[in-house]
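Asker: I'd like to ask you about the structure that follows.
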């Protein structure tokens, strides 16, 4: 069937805000695309660049890293470290020629279920026309 | 102008006074025109030391070996070692100090200024004389070198065969030293990140093509890792077994360990390796160019590190190797760090 491409998104969600935000979206029965594979991490600051590269390597079409808003981090400053590190990873991914749209970061609080669904919806809309991510995917 | 006799005098003095264990410097190599590192313990042999544009290596790497040797010894000799450092090398010492990998008292720095020049790029010289056999290259402290091929000797300005990193050098004199030889005048650099422009101006698909071709050449010999003064981890994440294996480590434990990056030199693994290395060197790479120089397949590795150096400078106003007392790039933050890419 020649349908549109269904991208896979790997989302690293921090336990204290973004994961709770996605949970809120779930329990509130909000509709959003099922393309996302959520992975709960303790803090957005604990997301190693290796996780991101490996998500792409294992076939993710897009990667989302989401944490608490600045100032709201459960560990006080984990998301500030993440902000810096992710900026560097983003620069590098763009430099080697990966489409910049494939990698995103967001702040989602535990109360922002609607924002979470909107981010996923928009991300899927952006990834659909790009098709499968083959650049960093491991050859079989 | 660096006076070689002064360098020898200083080196001899610290050896005679028993201030240091040995001096690591450069000497004429029997293997080719470029200088090779030399370890001098005997003050009488100090005459072997040289300093000119052929001294390309970053000797700070030997500080890592020395630290390991000290760690293994039952009764370590705690005297410092002396190394000859150029501007870039001194910055790598600064990063090691910043990360508290070495202590300032462990090392005696004989700083030499590159002044207006720098060091040569052997590949550039070879390119200039393509098709001919270079029999000898004479270096002295003048801004010219004499290249002898089968057609005779040609004089060549060093400026024309300077290593790329020297053309973009931000510290042509040591920023940390115990003894400084030569001028402390800053060389004017118009475009500190000029070499990146060519790649940055490409569209994303072309950039991908470029890197796919370049990194596709990689044979994963890890020479870049071996030559890098910042790659001092005892266990590297790219090695298949990247955790301590003890006598009682079971086969299951070894098998269950995540292999982040496989050994095979395939496209995805090569990209993984080089990107992880670039990220791990963000804010630490001081652009000594050793990775690119030792690469047997000529991958322009410098560009990856330079790109992150540029990002660190532009986004976070961070200059690696200049401020050893400040926290490292990724273990610090400012409230005003850019977040326009975050939704």
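The values are calculated or read from the model by the stated rules, or taken from the named source; none is laboratory data. Remember, it's a predicted structure, so these values are computed and weren't measured experimentally. A quick note on method: Cβ atoms are made from the backbone with ideal geometry, for glycine too, and the neighbour counts reach across all protein chains shown.
Asker: Taking the condition under 30 Å from residue B:135 (Cβ atoms), outside the structural domain of residue B:324 (by TED's automatic domain parsing) and in contact with a strand residue (DSSP E or B) (Cβ under 9 Å, 6 or more places away or on another chain), does residue B:52 pass? Can you show your working first?
Answerer: Working: under 30 Å from residue B:135 (Cβ atoms): yes; outside the structural domain of residue B:324 (by TED's automatic domain parsing): yes; in contact with a strand residue (DSSP E or B) (Cβ under 9 Å, 6 or more places away or on another chain): yes.
Spelling it out, residue B:52 is indeed under 30 Å from residue B:135 (Cβ atoms), outside the structural domain of residue B:324 (by TED's automatic domain parsing) and in contact with a strand residue (DSSP E or B) (Cβ under 9 Å, 6 or more places away or on another chain).
Asker: Quickly run through the stretch B:316-336 and pick out the residues that are crowded, with 16+ Cβ neighbours inside 10 Å and within 14 Å of chain A (Cβ to nearest Cβ).
Answerer: Within the stretch B:316-336, the first condition is being crowded, with 16+ Cβ neighbours inside 10 Å, and the residues that meet it are B:316, B:318-322, B:324, B:329-330, B:332-333.
B:316, B:318, B:320, B:329, B:330, B:332, B:333 - these are the residues of the stretch B:316-336 that are crowded, with 16+ Cβ neighbours inside 10 Å and within 14 Å of chain A (Cβ to nearest Cβ).
Asker: I would also like to ask the following. If you check residue B:5 against the conditions, is it part of a helix (DSSP H, G or I), exposed (fewer than 13 other Cβ atoms within 10 Å of the Cβ) and under 23 Å from the mean Cα position of the chain (by Cα)? Working first, answer last.
Answerer: Numbers: part of a helix (DSSP H, G or I): yes; exposed (fewer than 13 other Cβ atoms within 10 Å of the Cβ): yes; under 23 Å from the mean Cα position of the chain (by Cα): no.
Taking the combined requirement at face value, the residue does not satisfy it.
Asker: Here is a further query. So which of B:47, B:111 is within 21 Å of residue B:10 (Cβ to Cβ), outside any loop (DSSP other than H, G, I, E, B) and touching a residue at least 40 places away in the same chain (Cβ under 8 Å)? Reasoning before the result, please.
Answerer: Working: B:47 fails: touching a residue at least 40 places away in the same chain (Cβ under 8 Å).
Unique residue meeting the criteria: B:111.
Asker: Quick one: in the stretch A:94-117, which of the residues that are more than 7 Å from chain B (Cβ to nearest Cβ) and free of Cβ contacts under 8 Å to residues at least 12 places away in the same chain is surrounded by the most Cβ atoms within 10 Å (Cβ to Cβ)?
Answerer: The residue in question is A:94.
Asker: Quick one: which helices (runs of 4 or more DSSP H) lie wholly within the stretch B:221-288 and hold at least 3 residues that are loosely packed, with under 12 Cβ neighbours inside 10 Å?
Answerer: Of the helices (runs of 4 or more DSSP H) lying wholly inside the stretch B:221-288, those with at least 3 residues that are loosely packed, with under 12 Cβ neighbours inside 10 Å span B:251-256.
Asker: Would you pick out the residues in the stretch B:124-137 that are under 20 Å from residue B:27 (Cα atoms) and exposed (fewer than 15 other Cβ atoms within 10 Å of the Cβ)?
Answerer: Once the filter is applied, which keeps residues that are under 20 Å from residue B:27 (Cα atoms) and exposed (fewer than 15 other Cβ atoms within 10 Å of the Cβ), the stretch B:124-137 yields B:135, B:136.
Asker: Return the residues of the stretch A:125-137 that are away from chain B (no Cβ under 12 Å) and surrounded by 22 or more Cβ atoms within 10 Å (Cβ to Cβ); say none if nothing qualifies. Walk me through it before giving the result.
Answerer: Quick first cut of the stretch A:125-137, residues away from chain B (no Cβ under 12 Å) only: A:125, A:127-129, A:131-132.
Correct list: A:127 only.
Asker: Within the stretch B:204-215, can one find any residue that is free of Cβ contacts under 8 Å to residues at least 24 places away in the same chain, within 19 Å of residue A:137 (Cβ to Cβ) and either exposed (fewer than 13 other Cβ atoms within 10 Å of the Cβ) or more than 9 Å from chain A (Cβ to nearest Cβ) (or both)?
Answerer: Checked against the condition, which is being free of Cβ contacts under 8 Å to residues at least 24 places away in the same chain, within 19 Å of residue A:137 (Cβ to Cβ) and either exposed (fewer than 13 other Cβ atoms within 10 Å of the Cβ) or more than 9 Å from chain A (Cβ to nearest Cβ) (or both), the stretch B:204-215 yields at least one hit.
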